[in-house]
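Let me begin by presenting the structure, written as structure tokens, before commenting on it.
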Number of protein chains: 4
Amino acid sequence: MGERATATEEKRRLILDAAVRVFARKGYHASRVGDIAEEAGVAHGLLYHYFDSKDEVLEAAFRENWSVLLERIQAVEESGESAREQLRHVAAILLRTWLHQPDVVRVVVREIARSPEVQQRIGELVKPIEAIRRIVERGRATGEFRADLDPALAATIFYGGIDEILTSWVLGQAAGTPDDVAAAERTLMDVVSVGFAGR
Amino acid sequence: MGERATATEEKRRLILDAAVRVFARKGYHASRVGDIAEEAGVAHGLLYHYFDSKDEVLEAAFRENWSVLLERIQAVEESGESAREQLRHVAAILLRTWLHQPDVVRVVVREIARSPEVQQRIGELVKPIEAIRRIVERGRATGEFRADLDPALAATIFYGGIDEILTSWVLGQAAGTPDDVAAAERTLMDVVSVGFAGR
Amino acid sequence: MGERATATEEKRRLILDAAVRVFARKGYHASRVGDIAEEAGVAHGLLYHYFDSKDEVLEAAFRENWSVLLERIQAVEESGESAREQLRHVAAILLRTWLHQPDVVRVVVREIARSPEVQQRIGELVKPIEAIRRIVERGRATGEFRADLDPALAATIFYGGIDEILTSWVLGQAAGTPDDVAAAERTLMDVVSVGFAGR
Amino acid sequence: MGERATATEEKRRLILDAAVRVFARKGYHASRVGDIAEEAGVAHGLLYHYFDSKDEVLEAAFRENWSVLLERIQAVEESGESAREQLRHVAAILLRTWLHQPDVVRVVVREIARSPEVQQRIGELVKPIEAIRRIVERGRATGEFRADLDPALAATIFYGGIDEILTSWVLGQAAGTPDDVAAAERTLMDVVSVGFAGR
DNA sequence: TATGAATGAGTGTTCATTCAT
DNA sequence: GATGAATGAACACTCATTCAT
């Protein structure tokens, strides 16, 4: 029974991964149920054994990839490091995903996470901005960041910077090589280290 | 004939503005051609007098509103102010648009900026980033910004910050009141003033 | 007033000739009112001053070109020549039109005259087959053609031969040079001369 | 699986036959996709399972019925009969189709043969003319037909005669009873027997 | 006469979803 | 589980015709 469940789970994952690839290639709205099924090598009818609807596939594809990132960010939050180090790690998590899972970035980070429709339906899947805000708040409390820094705005700016860098890679405006990733992390931290500290 | 042309231009604009409102309200994909026509108070067939397709309406709506912002940003670039002041003005132009034309921001942020397909077709979207990059380069040349700041990355981060702030307002995660706009401008400049200067 | 009428008539003819060219180029169903107006160099609204509908243009284009051919065929019928000579002249009239008015052949002979819709609406515009049938009947009466030749069938075959030859030119399967036209006339008459005479 | 394929093929044929009936009744352009589906007793969406477009249905309907005739004509060509007998059989094949499949003739004669656009795309329509030309050439080689008979022109005339006879039945200008068919065959052969032999 | 903006009925096609096998 | 045939709601777009100017 455990094996059964595992086999079922594997097939589910097969479809989900196929969905991510297809979304990455064609975009959210242009992807058809048949495209996903074809990419997964199954009949499109089978999709409805594992998911209730096309939208459900989207949501699951998002949720299950996104949650991995969220967990890692949460681990950072609980690490006890300085706020600056925590921000550095958060940036690293998000930016380096581009190297290992570019399709996930293309789809989950850039498309689904920003789609108003999905956004509204998946309330619990808030973006890492809140985590960043909490980090900033703690940094402010410890005096690491200056007292008059608005945590929510700072978090938004920080995340926006990361997101826009990822976008430049997704759109091919910048190469997104490992060196680029390293440079992006460095520049971002250079800016906010002093920018958030205020001097 | 001049009057004729003007009347025609007005009707075109009427449809375009209606489209922006509808897209802002329902999103591009959920907006039917008939919705736009109804909002504009014309028959849906008339839309095809002025535009080749629904897609073209979105592009035109973007281009014709975006170009106004681009011109204002260009004026800032030519103002001869310090790089920091120029960045402040660019941020103000983009962020304050939310106060005067929230629907335009809604459409640009949600429908254009999030859709890789559209973005590829409309190179114009990256124009502000390029302007910012030039400003940063000049600031670096004058010693206003530190020498080891990567202008392209800095520009990407700066623009990303603005974009994410607008997104938070569009998605209703933050209110976007005039005070919020002022606070956003201030915080953003606080961060990059020292962050870009490096001390 | 006479001049007025003439000017009016000229404009009408202008549109009609444009219609023939457009039909020849794009085919009956693919031709739009706007195409005809553009070809004629007038606004498409003007078309409705001269004709009641698009169909009316088609009908008029057909009628006014077709009637010329019918009159010439009628003249042949009244010429008092032998049936064989009359057939030769009918064939010449139809086949040589290709040399002078290929568009008329393309449209009127091949498309409109065979279109069931138009055919039914324009009852009085019967094809020359009936004229040919009468010629055959007279040839039979004079003993020129054999007595057991069915005139209606003979006429149909004769006209069909002409029509198919024109088709081969229209479709470019044969060149349709003046020499081709001459050869076609000769071969057709060679066949029916003895074929209709029966020996 | 063989049964499955057969069932699928049957459904496809069901739709195709329905299409032929509808096209024959209303003409291609006046036939709506929904009409065909209704005639076939299926949902209109199913049509697109079996065909790419309405156009493709017409083409398939033509091709799959036409190919039967082409095969039979080819069999005649290989029969070793005299050229005259072969021509008689070709005429019989084409003309008698009217008795068994009047709708097919209606569609082929009216919609396919009259539409230059379709005809260009479907080279097959000229196949019978080419077969007839080869028969004439052989008849000329054996001395059955006179040496100065142009085979291409003769074939065109012969086929044109058949086509025009079918047209007269399709358009209701002649009844097209079995007797009419027999008379048509007889008259056509009477004419070309001596017409092609030249004496 | 002449223009071309405006109308709106009409239709081919797509595609998520269902369900018999 | 797995397949893919079958369904039908939904929608962008066309184009003949009208009419104010």
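What follows draws every value from the coordinates through simple rules; no lab data is involved. Since this is a predicted model, take the numbers as computed values, not measurements. Please note: Cβ atoms are built from the backbone with ideal geometry, for glycine as well, and neighbour counts cover all protein chains shown.
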Practice prompt. Determine the shape class of the range D:98-199: with a ≥ b ≥ c the square roots of the Cα gyration tensor eigenvalues, call it rounded for a/c under 1.5, and otherwise prolate if a/b is greater than b/c, oblate otherwise.
Written response: oblate
Practice prompt. Work through the residues other than residue B:190 whose Cβ is under 10 Å from its Cβ and net out their charges, Lys, Arg +1 and Asp, Glu -1.
Written response: -1
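Using Cα pairs under 8 angstrom and six or more residues apart, how large is the relative contact order of chain A, in percent?
20 percent.
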Worksheet item: Charges only on Cβ, +1 for Lys and Arg, -1 for Asp and Glu: so what's the dipole of the range B:1-99 about the Cα centre, in debye to the nearest 20?
Response: 360
Worksheet item: If we hang a label 7 Å off Cα along the beta carbon direction at residue B:12, how far is it from the matching labels on the other copies, in nm, shortest first?
Response: 3.9, 4.9, 5.4
Worksheet entry | Cβ-Cβ FRET estimate between residue A:67 and residue C:55, R0 fixed at 56 Å, reported to 0.05 | 0.30
Worksheet item: For the range D:77-129, what class follows from the C-alpha gyration tensor (a ≥ b ≥ c being the square roots of its eigenvalues): rounded when a/c is under 1.5, otherwise prolate if a/b is larger than b/c, else oblate?
Response: oblate
Fill in: Theoretical FRET efficiency, 1/(1+(r/R0)^6), r = Cβ-Cβ of residue C:182 and residue C:100, R0 25 Å, to 0.05
0.95
Fill in: Separation of the residue B:175 and residue B:46 label points, Cα + 7 Å toward Cβ, nm
3.9
Response to the item:
Taking chain B and counting helices only, DSSP H stretches of n ≥ 4 at -39,500 (n - 2.57) each over all residues, the nearest-500 ellipticity at 222 nm comes to -23500 deg cm²/dmol
Item to complete: Using the 7 Å Cα-to-Cβ label point, sort the distances from residue C:78 to its equivalents in the other copies shortest first and give them in nm to one decimal.
Response: 5.8, 8.1, 10.9
Discussion item. Only sites in a loop by DSSP and with at most 13 other Cβ atoms within 10 Å count here; which GluC sites (Glu not before Pro) in the range D:45-91 make the cut?
Written reply: D:78
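Looking at chain B from every direction and averaging, what is the projected area of its Cα convex hull in nm²?
Hull-based average projected area comes out at 12.6 nm².
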Response to the item:
For the range D:1-85, the convex hull over Cα atoms projects on average to an area in nm² of 7.8
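In debye, nearest 20: dipole of the protein assembly as shown around its Cα centre with unit charges on the Cβ of K, R (+) and D, E (-)?
On the way: 104 positive and 128 negative charges, 24 e Å.
Roughly 120 debye, rounded to the nearest 20.
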Discussion item. Just to be sure I understand the model, the point goes 7 Å from the Cα along the line to the Cβ. What's the resulting residue C:14 to residue D:38 distance in nm?
Written reply: 4.5
Discussion item. Can you tell me the orientation of helix C:151-170 relative to chain C, as the angle in degrees between its alpha-carbon axis and the longest Cα principal axis, to the nearest 10?
Written reply: 50
Practice prompt. Mind checking which chain B residue has its Cβ closest to the axis relating B to C, and how many whole Å off it is?
Written response: B:45, 4
Worksheet, complete the sentence: So the angle from the long Cα axis of helix C:178-197 to the longest Cα principal axis of chain C, reported in degrees to the nearest 10, equals 40
Practice prompt. Within a 10 angstrom radius of each residue's Cβ in A:185-195, how many Cβ atoms of other chains show up on average? Whole number is fine.
Written response: 6
Worksheet item: Could you give the nm distance between label points at residue B:30 and residue A:74, where each point is 7 Å from its Cα heading toward the beta carbon?
Response: 3.0
Practice prompt. May I ask for the angle, rounded to the nearest 10°, between helix B:54-77 and the longest principal axis of chain B, with both axes built from Cα atoms and the value confined to 0 to 90°?
Written response: 30
Worksheet entry | Reach of residue C:127 by Cα under 23 Å, taken over lysines that are not fewer than 8 positions away in the same chain | C:54, D:26
Item to complete: In nm to one decimal, list the spacings between the residue C:148 label point and its equivalents in the other copies, with label points set 7 Å along Cα to Cβ, shortest first.
Response: 2.9, 11.2, 11.9
Discussion item. Need one value for B:148-155: mean number of C-beta atoms belonging to other chains within 10 Å of its residues' C-beta atoms.
Written reply: 5
